[in-house]
Each structure stands twice: as structure tokens, then as C-alpha cells.
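Here is the structure we will look at, set down as C-alpha cells.
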Amino acid sequence: MKGVKLLLILPLAFLFIFFYLPMISILHEGLWENGFTLKYVVEVLSNSYHRGIIYFTLWQALASTLLTLALGLPGAYIFAKYDFPGKSTVKAILTVPFVMPSIMVALGFILLFGKQGFFTQLIGRDLGILYSWKAILLAHAFYNFPVVVRMVSSLWQRINPHYEEVAMSLGAKGFTLFRKVTLPMLLPGIFASSMLTFIFCFMSFSIPLILGGYKYATLEVDIFTSIMTLLDFKLGSALAIIQIALSFTFMYVYIKSLDLYSKAEEQRIFRTPRPLSFKEILSLRGILIGLYSLIVLVFIVSPLLAVLYNSFNYNGKLSLIWYRRVFSEAYNPIFGANSITAIKNSLLFGFSTVILSTLLALSVSYALHRWEFKGKNLFDALVMLPLGSSAITLGLGYIRTFHKEPLHLLGSWYLIVFAHTIIAYPFVLRAISAVLKKIKPNLKEAALSLGAKEWVAFLKVELPLALGGIIVGAIFAFAMSIAELGATYMLYKPEYTTITIAIYRFLGSRQWGSASAMSVLLMIVSAVSFLIIERIGEEIW
């Protein structure tokens, strides 16, 4: 029992200090002035500018979700129903956007749709996409549609074919069959993937900041501006409170939808996709599948290729000058350090985040799935709350909480690591929890019956079986850490510059070549992470 208490107390203590306490600080700042007050929240809601930003944040998240569904559902249908040459390659490429840093995606869109961008020069005129709501929607769809494809196709393959066969015997076919039989059984997957996409778009920071600018600011950008530019903590806290209320509401709906999705996915039947015959490939259906695959490949590959090409392009010629600058030890006044320092910091923060988030998630998931104790449901809810918080809100909470004694940590590198840990931990928890659910409890019970202590049974029986999920969670934590911008930007000092901050600074000074070379480093790390995750095969969303 002592071990149980220790395993529960340590993660809760960490979460309390580095998540709950900052959130409480925000609530106190925005809701307290000589007593409880809604003054600042009311001021925000009565201001037409901030109301417009809240409305736009919700609108762009909804529009981005609908666009993502429009792009992802055909892919889910194709991968669930058919097998064709190159399918595994296309499916692997489809997953690439989800592991790519958003700041790199934003740079890719700038290089494609900017005034000197590839598509602008190809067509001969500015398409009016960049620095508009269109760019935000396109980038969000790029970033999130793999979630829809994978979640919906996974459920689609588990639909019992007997339901469709019975409906067909009664005369249903075509769209009627889909609408009345297939679609209702797909709704848990569609809704769960839609909610996850909506939350990602609602809390997105880098893409609206870089591609939308202040004209198309979201709540994240508004909070960031209020704190970092206007230095108005009351306004920033009031905005953050509104965002917290909305995001926690959306997260609650998502968790409930995930329960329905998990139950639907538990169906034992798994339909093997049927091969497309040569005749079908040449038919209208085959042509449409080929056309969709081509459009998706262009949509995914073109931003990445644009960044890669620009990193080797100097005045229209092939050159390594941007990489020489990136790996130079010379002081760079743009971000107050040199590029090598930025790379070292990103690696340090990334590996530190892996260690902390993995230990935290492993202890929490084990307690949730292997022990029964009083208050377990409350514990489950408390440890999942960080999933509904944004990096900007967390950064604000850290500034408010850790700027004075006895917790004067502001300006330290390890505070950045703690922020990264809180951001990455829910995804690591998801990966480890998913794999622990698959391990039968009787394996541990058998070890205990043979005289093994509980921790020995865990180390020798359960841990090896859970290793795949732990590795996937750790890799994802590392990828999230090196790609994080919002909280890091609010907390760092020049000597703690990271790769993402360097890229953002390069973008601000319109040094596309240096930004591209730095982004290629992120691309390589993300690609390696993606390949390992695909190889292991564990899901984290």
C-alpha cells in the first residue's frame, strides 16, 4: 500500500505544481480583485474586438474540421475497402503531416503561396491565400486529416458485413445502403476524429500566428499578444479563462466520444480490403481513387518539398550556404545566440521531456489500469486535464506562478522542460494506456501466484509487453518537445533559444533560406520519429 501511495502522490505532486497551480494563478488573476469578480471576463466579452476573435477562433476550428473531414473521409473509405499497388506507401505518406512541426508547415505554405511562391509564379498571380483565413484552413486540414483517415478507416474495417448483406437482401444499395446502415456505425469514429481535429484547430498557435497574422488572430494569438506585447496580465488571464472553459468543454465531449469509439472498435470482425482488379483500376472508381491519391500526395508533399528545395537554393543556384550558416558557431543577433546552441537546447529539452513525461505517464497509467482505490474516477479526471490546456495558457500560468519566491523558476531551462512535459504527457499517457489495456491481468496474477512481488511482476512480465507503447509515447514526446513554440517563446531567454524559436525569428526577418535549413533539421527528426512509430505500429490518438 505504501508503494501505491507513492506512485499516486509523485505524479499528482508534479501535476499540482506545474499544471494546477499555474491554472489556479490564471483564475486568481482574472477572477479576483478584492474578492471574486467577473469584471475582466465581462470586459472581454463586451469588447467587439475580442468577441470577434472568439467567434473567428470557433469558426475557423469548425471550418477547418469540415475541410479535414472532406479531405479525410474519402481516404478512410479507400483504405478500409481496397487494396492496391503502393497502398502501404501512400498510407505511410498520409501520416507524415501529423508528426511534422506546425512552424515548418507554415513555412512550406509561405514558400508555396507567397508573392514569390511556387504556385504564385506558376499561375502568374497572387492567389490571395497567404495571410488569410484560407491559409489557416488549408494548413489545419494538412495537419489533421491523417487523424480522420486512420480513425475512421480503422472503424470502417471492423463493421460487420452481415448488416450490409441483410440490408442489400432487402433492396438497399448505393448511397441508401451507406446512409442507413454504414454511416450510423461509422458515426462514433467520425465524431471522435472530428472533435480531436476541432480541439487541435481551436488551440492552434503557430499556424494562425504566422499564416493569419493579427488580422486573423485566434484566442491563442490574442492571449499571446496581451501578455507579450501589451503586458496586460488581467486581459490575458480573462482571455485564458474563456479559452480554458471552452477547451475543457470540448475535451469533455471528445473523451465521451472516444469511449463510444473504443466500444465500436472492439468488434472482433476485421474485414480484409479486397484487391482492385486491373479492370476496376481502369474504371471510373479506379480513376477517382488514383486522382484522390495524386491530389493528396501533392497536397502533402509540396510544402515539404518547397522547404527542402529552398534550403538548397541560393540566388537560383544549388548551394549549401544556408546549412553552413545553420551549423555556424557565430553569434546571431536575430535570436541572441548561435544556431548550434539552438540545436543543443532542442535536443536537451527533448530528451529531458522524454524521461519526465514517460515516467509520469507510466506511473499514472499503471495506477489507472491495474489498481482499484477510492477516488479513482476523480484521479482519472484530474490527470487528464492537461489534455485540454494550451501551450500559451500554460506559458501565462508559468509567468504568473514562477516569477517570485518560493518558486522563482522563471528564466531557467528546466522550467521550459517542465512545460514541455505537461504538453507531451497526455499523449504519452494515451500511448501507454492503450497498450496496457491489451495486456491481460491474469499474466501478472500468474507471476504473483508463483511468488513474485508486484514490482518484479511488472518489470519482468508487463513492462516488456508494454514496451512498444512506451517507445511510441517517448518518441512522440520528443517530437512534440522539439516542435513546441508557444510556451517556449513565453519562457525562454536568448541562451535557451530552440530550433523552433530560431525558425520563427528567421521568418520574422524574412530569411527564408536559414529558416528552411533549420526546418529541414526538424523534418529529419520528425521523419525518423514517424518511421519508428510506423514500424512499432501502436496508435496514440
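Taking the criterion of being crowded, with 21+ Cβ neighbours inside 10 Å, β-branched (Val, Ile, Thr), under 17 Å from the mean Cα position of the chain (by Cα) and at pLDDT 85 or above, would at least one residue in the stretch 130-147 satisfy it? Yes, the stretch 130-147 contains a residue that is crowded, with 21+ Cβ neighbours inside 10 Å, β-branched (Val, Ile, Thr), under 17 Å from the mean Cα position of the chain (by Cα) and at pLDDT 85 or above. Please go through the stretch 287-318 and give me each residue that is of a type outside the set (Ser, Thr, Tyr), closer than 16 Å to Val149 by Cβ and surrounded by 17 or more Cβ atoms within 10 Å (Cβ to Cβ), ordered by number. Correct list: Ile289, Val296, Ile300. The helices (runs of 4 or more DSSP H) found wholly in the stretch 20-120 and carrying at least 2 residues that are basic (Lys, Arg) occupy 48-81, 87-99.
If you go through the stretch 370-377 one residue at a time, do you hit one that is at pLDDT below 90 and buried (at least 22 other Cβ atoms within 10 Å of the Cβ)? Within the stretch 370-377 (the criterion being at pLDDT below 90 and buried (at least 22 other Cβ atoms within 10 Å of the Cβ)), the answer is no, since none of the residues qualifies. Checked against (1) surrounded by fewer than 19 Cβ atoms within 10 Å (Cβ to Cβ); (2) part of a loop (DSSP other than H, G, I, E, B); (3) not basic (Lys, Arg), Phe335 passes all but a single condition, namely (1).
Taking the stretch 254-291, which residues are touching a helix residue (DSSP H, G or I) at 6+ places or on another chain (Cβ under 6 Å), farther than 30 Å from Pro85 by Cβ and either at pLDDT 80 or above or not hydroxyl-bearing (Ser, Thr, Tyr) (or both)? Within the stretch 254-291, Tyr254, Ser257, Leu258, Leu260, Ala264 qualify.
Summed over the stretch 494-519, residues that are touching a strand residue (DSSP E or B) at 6+ places or on another chain (Cβ under 9 Å) and under 22 Å from Ala419 (Cα atoms) total 6.
Summed over the stretch 214-235, residues that are more than 20 Å from Leu385 (Cβ to Cβ) and either in a helix (DSSP H, G or I) or touching a His at 6+ places or on another chain (Cβ under 9 Å) (or both) total 13. Of everything listed in (1) surrounded by 23 or more Cβ atoms within 10 Å (Cβ to Cβ); (2) more than 22 Å from Leu111 (Cβ to Cβ); (3) more than 15 Å from the chain's Cα centre (by Cα), the single unmet condition for Pro464 is (1). The residue pairs whose first member lies in the stretch 358-370 and is more than 17 Å from Lys438 (Cα to Cα), whose second member is crowded, with 22+ Cβ neighbours inside 10 Å and hydroxyl-bearing (Ser, Thr, Tyr), and whose beta carbons are closer than 8 Å, counting only pairs six or more residues apart or on different chains, are Leu360/Thr421; Leu360/Tyr425. Among the candidates Ile392, Ile355, Ile399, the residue that is surrounded by fewer than 17 Cβ atoms within 10 Å (Cβ to Cβ) and β-branched (Val, Ile, Thr) is uniquely Ile355. One residue alone among Asp222, Asp126 is under 30 Å from Ile241 (Cβ atoms) and either in contact with a helix residue (DSSP H, G or I) (Cβ under 8 Å, 6 or more places away or on another chain) or at pLDDT 90 or above (or both), and that residue is Asp222. Residues in the stretch 50-108 that are within 17 Å of the chain's Cα centre (by Cα), at pLDDT below 80 and either of a type in the set (Lys, Arg) or crowded, with 24+ Cβ neighbours inside 10 Å (or both): Met100 only.
The values are calculated or read from the model by the stated rules, or taken from the named source; none is laboratory data. Worth saying up front: this structure is predicted, and the values here are computed from it rather than measured. So basically every Cβ, Gly included, is an ideal-geometry build from the backbone, and we count neighbours across all protein chains shown.
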